[in-house]
Each structure stands twice: as structure tokens, then as C-alpha cells.
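Accompanying notes for the structure given below.
The values are calculated or read from the model by the stated rules, or taken from the named source; none is laboratory data. Predicted model only: the values in this text are computed from it and were never measured. FYI the Cβ positions are ideal-geometry reconstructions off the backbone, even for glycines, and counts take in every protein chain you see.
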Number of protein chains: 2
Amino acid sequence: MHSKSLATIAKLLFSAEALFLSKNYADVTMTEIAANAGVTKGAAYHHFANKEALYIAMLESALQEKKELFQKAAESSGTCRERLTRLTRVFLELGREKRDVMKLVRRDINNFKDPVRSQLVRAYQSALPEQIQVIVTDGIRDGLLTGDPRLLSWTYAAIVEVMLTGYAERVFENQDAMLEFVTRIFFNGAGIKHLPRGTRKRVTA
Amino acid sequence: MHSKSLATIAKLLFSAEALFLSKNYADVTMTEIAANAGVTKGAAYHHFANKEALYIAMLESALQEKKELFQKAAESSGTCRERLTRLTRVFLELGREKRDVMKLVRRDINNFKDPVRSQLVRAYQSALPEQIQVIVTDGIRDGLLTGDPRLLSWTYAAIVEVMLTGYAERVFENQDAMLEFVTRIFFNGAGIKHLPRGTRKRVTA
DNA sequence: AAAAATACGTACTGGTCGGTATCTTTTGTG
DNA sequence: CACAAAAGATACCGACCAGTACGTATTTTT
């Protein structure tokens, strides 16, 4: 492995990331990825067995990068709510492109058969939902949250993803407003409450 | 337009729906759609200008079908919470395949340029989110919910979609349990609460 | 029942793209 | 500096597929 290889591989991954974000899997050609990286298709096939391998490498690399950021937030100290807010802020502060990588798995998962398929799902889950789950699990232990930890994590991730729409950006003036909205929805629903005099339905005869 | 046409068109739409659900847009061929419908590619191109037109027709037809169901639930009487539960139940009771149609827009939206693109988005939004929004808006009027109505609708839809995962199906014994989870998360967060003594952060000097 | 119009089938084309074979260039090493 | 090994470029192939041209069959209309 020459020293130049690493640079070329990095350029190819970077180029692939941008292209797969802007177009569907099938619409991105190897020639295009290579050209955009400043090399030729031959070079690309020298480093990656095929298109699928390049895609997988790209996605795993991109997700790993995000995972490390989220992990730091998940392992930080403070209340469950503070840590979750911290993680979400990291997420929202990623540039638009960087955030959209998280959506790629959902979009492209149908392109692959099952060995690869679940490999990609695991990569995604370990990057975001599992990091959320670390915090959520602590929240449950501390009596602040109740429910299935994994399901709550997915729910939280789903709510956060709503903030990625253009509409949400227009509604909220800044990220703090977004964060407040997200945590309000999530906690005041999932948190244990001191039921203030007979909240829920009472079976009336 | 001969009488036979309608049947052929319906068969093509049905066939296309099944295939586009099982494979990515680019991986579904016109020959395949036609064969699966019991006709040939020539027949398909007689009724649809091109692959894109067939896809659009299929999706709009499928979404319209769902929309009518949701609309009925949205227009039903009862409390905001009851109506939302009713709509969600209708959604969850659709077969797996029928529900997954709702995800197609998200998956395939990148395949199209902007006239078509927003056309598909509108079709989706009018089918589900806008029906939810009808209920949510009433809830806000009645002082049961607070926040931007459209954003709340999207949030609710996002939470419901979490229930479509295989894991959620395993966690909950039945649909009632799912419904309870979803409404608990959504309402107890979005509903106005009688703040029980100094809930949120107080600026400490 | 002839004519006109619509529905459908068959066969083909033009272009694209993933992948490969092979040649040239660059880089590390003794 | 020689020379092997890796990196990269070029040219090409085979497969596939959207779309078309044109023919035949089946309805409707008159």
C-alpha cells in the first residue's frame, strides 16, 4: 500500500458521499464518482471490488465519524435530559449534508440483500439510536423515563428527524427552540408524571 | 377508451405497486411490470407515456385510496385523542404492504426533479399528515394541544411510523398496546399541563 | 359488415453502465 | 539507480433496459 492510496481512497469516499447524497444509488455511476474524485474508474476499481463495496465503505466511514461525536455526548455527565439535549445539539449542528447521511440507510436499504442489508442497519443503529439508548437507559434507571429503551430511542430519533425538514427550520428561529420542542415532546410524554387528580379515563357505567 | 383498458390499467397499477414496494425504482423494469400484469411492454407503453408516468399514477392512486380512509377517521366525532386513535388504528390495520406504500415517497423522492417531486410530496401530505392536522388543529382550538399544527402532525406521523418496525411489533402484544404507547408519547408531551411547582430551569445567578 | 379507432404484441435500437483486460506511470526499497 | 510492486489510465465488452416502430387483433362506430 503506497502512501498515495490512502489519499485516493479518502477522495473516492468523499466524492461518493456527496454523489450518493444528491442522487439515487443507481443514478450514481462509478465513472462519475471517480471523475469527481479526480481519478479514473480504473483507479476506483483498483481500491474497491465493485460499486457495492464502495458504497458500503463510504457509508460505514461516514457513520463511524458521526458515531464518535454522538458517543462523546452520550458519555457526558449531567441529567438524562441534559445529555440528550447535548447529543441532539451535536446532531443539529452538523451541516445539512452531514446530517442527511443518516437518512441514506433508510433510502437505500432496499438495494441490498441480507448479509449487507443488516450490516448497514447495524452501522446506522450503532451510530445514532444506540447512543441515544445509552442515555435513555440511564433515564429509566433513574426513574425519569418509562418504557422499552430501544423503542423510546427510536421514537426520540424519529422526532429529531422531523426537525430536519425545511418547514421545521422555518418554524423555529434557532436550534435552541428546536431542542426545546423536541425535549418537551419526548420527556413530558415519556417521563413519569405525578398524576394530578384523575387524569385518565375512568370507566363510567 | 375501450372497456378493456380500465382493467389493463388497473392490473398495471397493481403490478407496479407490488414491484416498486419490493425493489428500488431503477431495479423495476417495464417489461417486468407488464409481465406481472399479464400483458406486454407494448401494452404498458400504450397507456403510460413512460416509466415515470406509470410510477406517478401508481403512487397517486394508492395514496388516494388511503386518504379516503384516513379522512373518514379525521372527520369522525369524539375527542381529539379519540379521533387520533381512530385514525391511527385504521393505519395500523392496513396490511403490511398497504402501509409500506406510505414510505415509498420518502424512499423514491430523489428520483424525480421538481415539478414531479413536489407533486408526489403533496399527494403524500394530503393523504396522511394533513388528515392528522385536521384533528390536531381541533385539539389546539380546544386547548388540548399547543404548538405549530403542521409540525405536531408530522411529529405524530413520525412516532406512528416507529410502530411499523419489526421490533415494535415484537414489543407490543397487540395494536391496542401500540396505540396506547403512541398517544401517551404524543399527548402527554404536547398537551398543556398544569405545571406542578417550578418545573423548568430557573436562572440561578 | 365495412371502416375507423383503439388495444396490444413483437422485434428492434440506441445508449448506458458495471466490470475487466491491459498498458503506463509512480513509488518504495535494496 | 535499478527494479519490483502498487497505483492509475485507457479502451473495451457484455448485459440490460427505456423507449420506439410497426404489425396484428379487437372493439366501437356508422
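Looking at the range B:12-23 only, could you name the residues that are touching a residue at least 40 places away in the same chain (Cβ under 8 Å), within 14 Å of chain A (Cβ to nearest Cβ) and within 12 Å of DNA strand D (Cβ to nearest atom)?
Residue satisfying the conditions is B:20 alone.
In this structure, does residue A:175 turn out to be away from chain B (no Cβ under 11 Å) and either at pLDDT 95 or above or in contact with a strand residue (DSSP E or B) (Cβ under 9 Å, 6 or more places away or on another chain) (or both)?
On the way: away from chain B (no Cβ under 11 Å): yes; either at pLDDT 95 or above or in contact with a strand residue (DSSP E or B) (Cβ under 9 Å, 6 or more places away or on another chain) (or both): no.
Here the answer is no, as residue A:175 does not meet what is asked.
Quick one: would you say residue A:125 is closer than 16 Å to residue A:70 by Cβ and either in a helix (DSSP H, G or I) or in contact with a Cys (Cβ under 6 Å, 6 or more places away or on another chain) (or both)?
Details: closer than 16 Å to residue A:70 by Cβ: yes; either in a helix (DSSP H, G or I) or in contact with a Cys (Cβ under 6 Å, 6 or more places away or on another chain) (or both): yes.
Yes; evaluated as a whole, the condition is true for this residue.
Is it true that residue A:70 is among the aromatic types (Phe, Trp, Tyr), in contact with a helix residue (DSSP H, G or I) (Cβ under 9 Å, 6 or more places away or on another chain) and within 13 Å of chain B (Cβ to nearest Cβ)? So that I can check it myself, show each step before the final result.
Values: among the aromatic types (Phe, Trp, Tyr): yes; in contact with a helix residue (DSSP H, G or I) (Cβ under 9 Å, 6 or more places away or on another chain): yes; within 13 Å of chain B (Cβ to nearest Cβ): no.
Here the answer is no, as residue A:70 does not meet what is asked.
Please name all residue pairs, on different chains or six or more residues apart, with Cβ atoms under 6 Å, provided the first residue is in the range A:25-50 and is within 14 Å of chain B (Cβ to nearest Cβ) and the second residue is part of a helix (DSSP H, G or I).
These pairs meet every condition: A:25/A:108; A:25/A:111; A:26/B:26; A:28/A:19; A:28/A:20.
Taking the range A:73-99 on its own, how many of its residues are out of contact with any helix residue (DSSP H, G or I) (no Cβ under 6 Å at 6 or more places or on another chain) and among the hydrophobic types (A, V, I, L, M, F, W, C)?
Residues flagged as out of contact with any helix residue (DSSP H, G or I) (no Cβ under 6 Å at 6 or more places or on another chain) and among the hydrophobic types (A, V, I, L, M, F, W, C) within the range A:73-99 amount to 2.
Exactly one condition in (1) away from DNA strand D (no atom under 12 Å from the Cβ); (2) of a type in the set (Gly, Ala, Ser); (3) not in a helix (DSSP H, G or I) is not met by residue A:57; state its number.
Result: residue A:57 passes all but (3).
Say we look at the range B:1-11 and pick out the residues that are of a type in the set (A, V, I, L, M) and free of Cβ contacts under 8 Å to residues at least 24 places away in the same chain; which of these is nearest to residue B:59 (Cα to Cα)?
Taking the range B:1-11 and keeping what is of a type in the set (A, V, I, L, M), we get B:1, B:6-7, B:9-10.
Pick out the ones that are also free of Cβ contacts under 8 Å to residues at least 24 places away in the same chain and you get B:1, B:6-7, B:10.
On the way: B:1: 22, B:6: 17, B:7: 17, B:10: 13 Å.
Ranking the qualifying residues of the range B:1-11, first place goes to B:10.
Could you grab me the full set of residues in the range B:24-54 that are more than 10 Å from DNA strand D (Cβ to nearest atom) and either part of a loop (DSSP other than H, G, I, E, B) or within 21 Å of the chain's Cα centre (by Cα) (or both)? Talk me through it step by step, then tell me what you get.
As a first pass, look at the range B:24-54 and keep what is more than 10 Å from DNA strand D (Cβ to nearest atom): B:24, B:35-39, B:47.
Once the filter is applied, which keeps residues that are more than 10 Å from DNA strand D (Cβ to nearest atom) and either part of a loop (DSSP other than H, G, I, E, B) or within 21 Å of the chain's Cα centre (by Cα) (or both), the range B:24-54 yields B:24, B:37, B:38, B:39.
Return the residues of the range A:129-160 that are small (Gly, Ala, Ser) and within 13 Å of chain B (Cβ to nearest Cβ); say none if nothing qualifies.
So in the range A:129-160, the residues small (Gly, Ala, Ser) come out as A:139, A:143, A:147, A:153, A:157-158.
The answer is A:147, A:153, A:157, A:158.
Quick one: would you say residue B:142 is at pLDDT 90 or above and assigned by TED's automatic domain parsing to the domain that holds residue B:100? Outline the logic, then answer.
On the way: at pLDDT 90 or above: no; assigned by TED's automatic domain parsing to the domain that holds residue B:100: yes.
It is false that residue B:142 is at pLDDT 90 or above and assigned by TED's automatic domain parsing to the domain that holds residue B:100.
Looking at A:84, A:104 in this structure, which one is within 14 Å of chain B (Cβ to nearest Cβ) and under 12 Å from the mean Cα position of the chain (by Cα)? Show your work before the answer.
Values: A:84 fails: under 12 Å from the mean Cα position of the chain (by Cα).
Result of the check over A:84, A:104: A:104.
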